[in-house]
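The values are calculated or read from the model by the stated rules, or taken from the named source; none is laboratory data. Model, not experiment: these values are computed from the prediction. Don't worry about glycine lacking a Cβ; one is built from the backbone with ideal geometry, like all the others, and counts go over all protein chains shown. Keep in mind that these areas ignore ligands, DNA and RNA; they rest on the heavy atoms of the full protein, side chains included. Shrake-Rupley method; radii C 1.70, N 1.55, O 1.52, S 1.80 Å.
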Amino acid sequence: MLTPEESHIVKTLKASRTEAEQAFKQLVDLYKEPLYWHIRHMVKNHDDAHDVLQNTFIKVYRYIHNFKGESKLYSWMYRIATNEAITFLNKKAKHLNISSQELQEELIENLKADIYFDGDEIQLQLQKAVNNLPEKQQQVFTMHYFEGLKYKEIAEILEVSEGALKSNYHHAVQKIKEFLALNQTFNTH
């Protein structure tokens, strides 16, 4: 299941400390960008995404000895990143004494002021539409639409069947279309 490169990295990470540090640097270089964007789609904020990404790599480094190679390395890392992002969002909502839904709405509104967000009003509306989906549909839509992952990869990451994912994605697309049709706030000239 592991690619030859992943297999080499995992083997080296489990070896001597000096070799492990070099392998870990290679792992970070290989996965920091896709993991950053995966996390960023969930937490919406650059600084928060960077913090969650660091926590993700700390957990990867700490628990690499528990990785058995039964899935692809990036699938295992995506699961860690997803869990870290969810934990981060739950703590943030609790700290602010608001619901997770209210937090997501606030994060989307804050995107307009985020210097790292270069989207327009249409992209903000899409973010709002995605935010209104159930959590599983949000994850599937984001991973497939924004991150370009294949259903097989998403199934491995989320540990669900491809059929369920395709169904979730289809329902998500329909709900997004309905939301955008009802909340059209941009010109369509």
For the chain, take the longest principal axis of its alpha carbons; what is the angle in degrees between that and the long axis of helix 4-13, to the nearest 10 within 0 to 90? 70 degrees
Restricting to Cα pairs under 8 Å and 6 or more apart, the percent relative contact order of the chain works out to 19 percent
How much of the accessible area of the range 34-75, probe 1.4 Å, is carbon plus sulfur, in whole percent? 50 percent
Sorting 1, 143 by accessible area (1.4 Å probe), largest first, what list results? 1, 143
FRET efficiency for residue 26 and residue 159, Cβ-Cβ distance as r, R0 = 35 Å, nearest 0.05? 0.85
Could you state the accessible area per residue of the chain in Å², with a 1.4 Å probe and every protein chain left in place? 58 Å²
Report the label-to-label distance for residue 14 and residue 116 in nanometres (one decimal), using points 7 Å from each Cα along the Cα→Cβ vector. 3.3 nm
Please give, to one decimal in nm, the separation of the simple spin-label points placed at residue 91 and residue 46, each 7 Å out from Cα toward the Cβ. 2.3 nm
So the FRET efficiency between residue 180 and residue 62, C-beta based with R0 = 30 Å and rounded to 0.05, is 0.10
Quickly estimate the mean residue ellipticity at 222 nm for the chain, helices only: each DSSP H run with n ≥ 4 gives -39500 (n - 2.57), and the total goes over all residues, rounded to 500. -24000 deg cm²/dmol
Give me the angle, in degrees from 0 to 90, between the Cα long axis of helix 46-63 and the longest principal axis of the Cα atoms of the chain, rounded to the nearest 10. 30 degrees
The range 81-156: relative contact order as a whole-number percent, Cα under 8 Å and 6+ apart: 17 percent
Fraction of accessible area attributable to carbon and sulfur, the range 123-189 (%, probe 1.4 Å): 50 percent
Report the accessible area of residue 82, computed with a 1.4 Å probe over the heavy atoms of all protein chains in place, in Å² rounded to the nearest 10. 10 Å²
Using Cα atoms only, what is the angle between the long axis of helix 162-182 and the major principal axis of the chain, expressed in degrees (0 to 90) to the nearest 10? 30 degrees
Take residue 150 and residue 70, extend 7 Å from each Cα along the Cα→Cβ direction, and tell me the distance between the two endpoints in nm. 2.3 nm
